[in-house]
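Note sheet for the following structure.
The values are calculated or read from the model by the stated rules, or taken from the named source; none is laboratory data. Since the structure is predicted, the reported quantities are computational estimates derived from the model, not experimental observations. As a convention, Cβ positions derive from the backbone with ideal geometry for all residues, glycine included, and neighbour counts pool all protein chains shown.
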């Protein structure tokens, strides 16, 4: 037996339901990882895309879909970038993209948390992103409406099949397992 609904039922909660696209030229996906047990090496992915469905009246219904082009990795060192694209790390030839698909937006110990599936090298793991935002809506100089948000998380690269390493003569390893990820996104409302 199906529940009966009236024609206007549910419309009030979705009146502000909007779709936003990631503006890649004003967004960033960066990471850092301990190198030689001395300092953090930072890098970024220069090509990202995606969309966010958002209703400020029902933030728990937010959905996020994002894709990152692995070949766009940049650590300011071409040889290292080539190694990171190789099968030792991201295996960009076989797995050209990283993807994130949200499952829930919730309030947690650190404020807003976006729970979702991160896929790297064909392996999917659940991650929790600590969210700062969204910012209030703003009109930009080109006639668009924008919002923004930042997010951070940490992952273990070994959980995604990236286990390459070198033992150091002094003890320790060349590349740490834990990777810090930071995202800053500018979102443009779809017309």
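Please specify each residue of segment 170-191 satisfying the condition of being in a strand (DSSP E or B) and closer than 23 Å to residue 23 by Cβ. Steps first, please.
First, the residues of segment 170-191 that are in a strand (DSSP E or B): 173, 175-189.
Result: 181, 182, 183, 184, 185, 186, 187, 188, 189.
Which residue, of 99, 119, 107, is touching a strand residue (DSSP E or B) at 6+ places or on another chain (Cβ under 8 Å), over 19 Å from residue 180 (Cα atoms) and assigned to a strand (DSSP E or B)? Steps first, please.
Details: 99 fails: over 19 Å from residue 180 (Cα atoms); 119 fails: over 19 Å from residue 180 (Cα atoms).
Among 99, 119, 107, only 107 is touching a strand residue (DSSP E or B) at 6+ places or on another chain (Cβ under 8 Å), over 19 Å from residue 180 (Cα atoms) and assigned to a strand (DSSP E or B).
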Seminar exercise, completed: Note on segment 159-169: residues part of a helix (DSSP H, G or I) and either touching a residue at least 40 places away in the same chain (Cβ under 8 Å) or within 23 Å of residue 46 (Cα to Cα) (or both) are 160
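Could you list, in sequence order, the residues of segment 82-96 that are within 17 Å of residue 42 (Cα to Cα) and in contact (Cβ under 8 Å) with a residue 12 or more places away in the chain?
Here is the first cut: in segment 82-96, the ones within 17 Å of residue 42 (Cα to Cα) are 82-85, 89-90.
Correct list: 84, 85, 89, 90.
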Exercise. So which pairs qualify, if the first residue must be in segment 5-33 and under 19 Å from residue 151 (Cβ atoms), the second must be at pLDDT 50 or above and part of a helix (DSSP H, G or I), the Cβ gap must be under 9 Å, and the two must be at least 6 apart or on different chains?
Worked result: 33/157
For this session: Determine whether segment 52-61 contains at least one residue that is farther than 21 Å from residue 162 by Cα and within 11 Å of the chain's Cα centre (by Cα).
Result: no
Exercise. If we keep just the residues of segment 137-151 that are surrounded by fewer than 16 Cβ atoms within 10 Å (Cβ to Cβ) and in a strand (DSSP E or B), which is farthest from the chain's Cα centre (by Cα)?
Worked result: 139
Exercise. Can you pull out the residues in segment 159-175 that are closer than 30 Å to residue 25 by Cα and over 19 Å from the mean Cα position of the chain (by Cα)?
Worked result: 175
